[in-house]
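Notes for the one structure printed next.
A short reminder: the numbers here are calculations on the coordinates, not readings from a lab. The shown structure was predicted, so the numbers you read here are calculated from the model rather than taken from an experiment. Here the Cβ is made from the backbone with ideal geometry for all residues, glycine too, and neighbour counts use every protein chain on show.
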Amino acid sequence: MRALYRRLAWEGIRKNKRLYTPYLLTGSIMVMIFYILDAMSRDSLVSYVRGSAFVAEVMTLGSIVIGVFSVLFLFYTNSFLVRQRYKEFGLYNVLGMDKGNIGRVMFWENLYVALITLVCGSVLGIAMYKAAELGLLNLLHQPLNYTISVNLPALGATALVYGCIFLLLLFNSLIRVRRAKPLELIKTANVGERFPKYIWAEALLGLVMLGGAYYLAVTIQEPLSALLWFFTAVILVILATYALFMAGSVALCRLLQKNKRYYYKANHFVSVSSMAFRMRRNGAGLASICILLTTVLVMLVSTTSMYVGGDDSIKARYPYEINVECHAETWADMVDTSVLEAAILEQTGDTTLHSYRCGQISGLLTASGLYWDSETYGQKLTSYDQIGTLTVVPLEDYNRMMGADETLEDDECLLYSTRLRFHWNSFALEGGPALRVKEVLSQGFESGNTAAMITPTVMLVAKDPESFLATAETGDASRGRGTILWWNCGIDLSDTTHEAEIAAAIADSLVQLRESGKAGILGISVENRADGKGSFFELNGSLLFLGLMLSLVFLFAAVLIIYYKQLSEGYEDRARFTIMRKVGMTQRDIRATINSQMLTVFAAPLLLAGVHMHFAFPFLWKILMLLNLFNKALIARVAVLCYLVFALAYALVYKLTSNSYYTIVSGAKAE
């Protein structure tokens with residue numbers, strides 16, 4: 001008997017190869033990518049590159065995402081397979097096989113599928129790992145190594161994860177078949193759906209959720225708030241997409257059936273009737289396709305923009321080749337900075353130094369100024385958008401940095417703000433006098449420290465910064481941290497060959513000054529653009545690689561959903577088209593009917609994904625601003641290009657899958 005079960009299982013897979021082949025291919029791709037990501041998180045070669053710990057964390061996160069998605073998606077697609085086999089299992093049951101015998105057949109089928117998927121996926125993973133590793137190292141701008149190896153711990157983890165997934169799939173299939181009655185198994189594929197209750201309430205709820213998500217996208221102005229609300233908007237969009245597609249499919253069928261001029265035509269009558277037969281199931285599949293397409297677009301647009309716009313981000317974060325910051329305790333320590341400048345020039349030679357002093361304090365920005373006391377926060381904080389940083393700069397330093405000749409009275413100031421929320425006529429620090437804003441500046445200093453901040457920043461130029469900040473400086477340390485005093489110095493080098501070495505020498509000289517007591521400085525930070533660029537590629541290169549890997553999986557998932565949707569609907573519609581052929585429908589009429597149905601249904605996910613991406617764009621731009629990418633035009637170009645590429649690929653998939661549907665329903669190929 002065991003040989004019979006094995007033979008029936010293998011014949012079931014072989015005779016249903018049109019169903020199983022794409023399922024096995026997609027499962028193998030998931031296994032391959034899981035192995036690649038898990039192996040990279042453990043690879044000794046990757047561990048030697050700069051930022052290896054971060055790269056390993058990103059790859060580990062990616063393998064977790066792939067694993068979770070594999071569970072959800074394989075359960076989803078496995079339901080298509082089981083549904084198409086219901087009639088066959090029902091016949092087995094009628095012919096004398098009980099549920100236990102059918103369960104044994106299903107056990108061997110799942111075992112064969114699991115073995116084929118794991119073996120093919122592992123072989124592909126081992127074969128493609130080196131290419132993926134070289135691609136990652138190239139994105140990270142690291143030297144390449146062509147040694148080929150097999151990561152046994154990653155191979156074991158892959159087998160364990162996907163072995164458990166296929167075991168869960170077997171249990172789920174057995175439970176579903178055991179609960180069904182023989183006649184239900186035979187008739188399942190031919191049972192249509194009833195008109196659901198509360199369809200208009202569901203559609204209205206979907207519109208409200210989608211409108212709420214879009215409202216958040218277009219009204220939130222501050223990048224930090226955009227980051228905090230982004231995932232809320234994502235959840236609303238997912239729920240709304242399912243609700244609208246499932247309710248919309250029903251509503252669309254009803255409206256088209258009521259339109260007599262449209263409905264009672266040869267190419268529309270059959271297609272609309274077929275869609276009505278599986279209304280909500282049709283909508284769930286389309287919603288899944290739309291969400292996958294939107295996810296891929298968002299991932300690729302964000303990671304590609306970060307990588308391509310790298311030069312802009314690096315220049316914003318590191319405005320000079322070498323950036324020096326020295327922390328002082330009092331303004332008196334920063335009156336004479338010539339000893340610091342001499343120490344730097346000793347290492348750089350005859351170089352122009354771009355230096356200025358400032359006092360920096362974080363707090364709550366309001367229409368009247370900045371509140372820095374922590375007790376005031378609780379009383380006045382209404383939104384995280386209010387949290388910001390104030391940088392106060394002496395007038396003489398501003399004029400030197402900008403090559404300007406501004407003058408100020410004692411009660412006047414100049415003001416510049418990033419992501420300005422208020423239009424101040426005067427500005428006051430909590431507990432201190434207000435300064436009248438003489439002019440709102442169109443630009444401020446190039447400061448890497450400011451660029452790294454994710455909150456709004458205000459630069460205030462005052463004639464006497466020490467007096468203006470005196471309130472915060474003498475405040476109770478337990479109620480607020482007060483002012484941090486900095487001396488900032490930017491250095492442009494004519495020769496950047498030894499940039500890192502010069503930066504290290506400057507840091508050593510400043511440390512010696514601090515220890516000797518010749519300069520009143522407490523903390524020292526010396527950054528150089530070369531190291532910063534390396535750190536940038538650690539982050540964005542690994543994220544881009546992960547985005548490409550995840551996008552590949554999600555794309556295969558979307559294609560498989562489309563294919564199975566066409567295939568399962570083709571089998572359901574075949575009998576109806578056979579009847580229509582007998583009453584005079586020609587092959588040309590069948591093709592016209594299929595095109596009408598495909599264009600009506602499959603254009604919707606792509607169009608709605610484009611709408612989702614359009615409203616997600618403000619969110620993405622604001623979040624990317626937190627990563628020092630301000631080039632909105634670049635991000636827009638990347639978004640448009642990605643969407644056009646996906647539209648072309650989607651049209652190709654539509655063409656191929658519609659041919660499969662046509663082959664089934666037209667009788668062009670015997671099944």
>> Give me the one-decimal nm value for the distance between modelled label points at A404 and L522, 7 Å along each residue's Cα-to-Cβ direction.
In response: 2.9 nm
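Where the only charges are on Cβ atoms (+1 Lys, Arg; -1 Asp, Glu), what is the dipole of the range 295-370 about its Cα centre, to the nearest 20 debye? Intermediate values should be presented prior to the final figure.
Values: 3 positive and 10 negative charges, 95 e Å.
In total the dipole reaches around 460 debye.
Any of K258/K582; K258/K655; K315/K533; K438/K463; K315/K622 with alpha carbons more than 21 Å apart? Name them for me. Working shown, then result.
Working: K258/K582 27 Å; K258/K655 29 Å; K315/K533 9 Å; K438/K463 12 Å; K315/K622 18 Å.
Cα-Cα > 21 Å for K258/K582; K258/K655; rest within.
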>> Take L72 and A131, extend 7 Å from each Cα along the Cα→Cβ direction, and tell me the distance between the two endpoints in nm.
In response: 2.8 nm
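To the nearest 0.05, what FRET efficiency results for N425 and L634 with a Förster distance of 41 Å applied to their C-beta separation?
Details: r = 36 Å, r/R0 = 0.87.
The pair N425/L634 has a calculated efficiency of 0.70.
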>> Using the crude model of +1 on Lys and Arg Cβ and -1 on Asp and Glu Cβ, and no other charge, please compute the dipole size for the range 482-582 relative to its Cα centre, in debye to 20.
In response: 1040 debye
